[in-house]
Structure formats: C-alpha cells, structure tokens
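Student: After the structure tokens below, expect a handful of questions from me.
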Amino acid sequence: MAQVPFFSGMAEARHWDVVWLCTRATVGDANIAFGAYVLAALFIKDWLWIAKPWRLSTLSIYLAVGLTITILFEYWATGAGQRWNYSGLMPDVPLLSIGALPLVQWVVIPILLIYTVKWMFLGWQISK
C-alpha cells in the first residue's frame with residue numbers, strides 16, 4: 001500500500017479495488033519468496049538452511065532467483081501484460097525499463113523475512 005503513489009491510477013481508484021490488487025500482489029510476492037527459498041534449499045540439499053549459518057552462495061541463490069522472477073514479471077506486467085503502469089514518481093532502472101521500488105522491495109523485505117524466521121526458529125529451538 002505504501003507504493004500506491006508510484007503506480008498510475010492507484011491513488012484515484014476505489015479503495016477496495018486497491019486493497020484487492022495489493023493483496024494479490026502480496027500473495028504473488030510471497031510465492032516468489034517461497035520459490036526462491038525452495039530453489040536455494042534444493043541447490044544446497046538442506047530444507048532448513050535458513051536456521052543455520054548461511055553460506056554466501058545460498059543467500060545469493062535466494063536473492064538472485066527472487067530478483068530474476070521480479071524483473072521478468074515487472075517487465076511483462078508493464079509491457080505486454082498491461083497489468084499496471086508507473087507514475088512519474090517511480091524511480092526507473094534504466095537498462096531494464098522497470099521501476100526500482102519492486103526490486104528494492106524484493107531485496108529488503110526477503111532479507112528481513114529470513115532474518116526474522118531464523119531468529120524465531122532459533123528462539124523456538126532454545127526454549128525446548
């Protein structure tokens with residue numbers, strides 16, 4: 001919802017239409033994060049990698065998969081898919097012709113997410 005001003009027509013749209021669109025986008029982002037986690041787990045053959053000391057390669061795979069999917073989807077959604085357009089407020093990634101905020105969001109939120117899950121998991125393990 002914080003990104004509404006960065007997309008054309010969102011600020012003027014009906015509230016529940018925006019809520020529905022943002023909810024679907026959130027579910028999509030969660031699926032991207034889950035897919036990236038699974039691919040990283042398959043690569044290192046450890047489903048619980050998040051709760052152990054991370055190797056740079058594991059974290060790199062997780063982030064690279066998520067960023068790649070996000071870039072491809074944003075490129076499609078703002079082009080051939082005609083799902084949305086950016087407003088003049090959206091910072092642009094020149095070589096990719098997509099908005100910068102979806103990419104920044106995909107780096108910041110998943111890193112916070114995996115640190116939070118790791119903390120929760122280790123906290124749960126310690127209390128047993």
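The values are calculated or read from the model by the stated rules, or taken from the named source; none is laboratory data. Keep in mind the model is a prediction, meaning the values are calculated, not measured. A quick note on method: Cβ atoms are made from the backbone with ideal geometry, for glycine too, and the neighbour counts reach across all protein chains shown. Ligands, DNA and RNA are stripped out before the accessible areas are found, and what is left, the full protein with its side chains, is counted by its heavy atoms. Shrake-Rupley method; radii C 1.70, N 1.55, O 1.52, S 1.80 Å.
Student: For the chain, give the magnitude of the charge dipole about the Cα centre (Cβ charges: +1 Lys/Arg, -1 Asp/Glu; no others), in debye to the nearest 20.
Tutor: Working: 8 positive and 6 negative charges, 112 e Å.
It comes to approximately 540 debye.
Student: Go through G99, L63, Y75 and say which Cα lies farthest out towards the positive end of the charge dipole of the chain; charges sit on Cβ, +1 for Lys and Arg, -1 for Asp and Glu.
Tutor: Of the listed residues, the answer is L63.
Student: Pop the C-beta distance of R55 and C22 into the FRET formula with R0 = 30 Å and round what comes out to the nearest 0.05.
Tutor: Details: r = 34 Å, r/R0 = 1.14.
Taking R0 as 30 Å, the efficiency between R55 and C22 is 0.30.
Student: I would also like to ask the following. Once label points are set 7 Å from the Cα along Cα→Cβ at both M120 and I44, what is their separation, rounded to one decimal in nm?
Tutor: Here the modelled spin labels are 1.9 nm apart.
Student: Could you look at the chain and say what percent of its accessible area is carbon and sulfur, using a 1.4 Å probe and all protein chains? Mind showing how you got there, number by number?
Tutor: Values: 6050 of 8480 Å².
Carbon plus sulfur share of accessible area: 71 percent.
Student: Continuing with this model, one more query. What is the gain in length, in nm to one decimal, between V4 and T68 on full extension, counting 0.36 nm per residue of separation less the C-alpha to C-alpha distance?
Tutor: My answer for the length gained is 20.8 nm.
Student: Something else about it: If you average the sequence gap of Cα pairs under 8 Å that are 6 or more apart and divide by the length of the chain, what percent do you get for the contact order?
Tutor: 28 percent
Student: Follow-up. L112 to E12: extension gain in nm, 0.36 nm per residue of separation minus the Cα-Cα distance? Intermediate results must be reported in sequence, preceding the final value.
Tutor: On the way: separation 100, 0.36 × 100 = 36.00 nm, distance 3.12 nm.
Net length gain for the segment: 32.9 nm.
Student: For Rg and Dmax of the Cα atoms in Å, one of [x] 14.1, 44; [y] 16.8, 52; [z] 16.9, 62 was computed from the structure I shared and the rest are decoys. Which label?
Tutor: [y]
Student: Given a 1.4 Å probe, how much area per residue of the chain is accessible, in Å²? Mind dumping the intermediate values first?
Tutor: Details: 8480 Å² over 128 residues.
Each residue of the chain exposes 66 Å² on average to a 1.4 Å probe.
Student: Counting alpha carbon pairs within less than 8 Å and at least 6 residues apart, what relative contact order, in whole percent, applies to the stretch 1-75?
Tutor: Relative contact order here is 27 percent.
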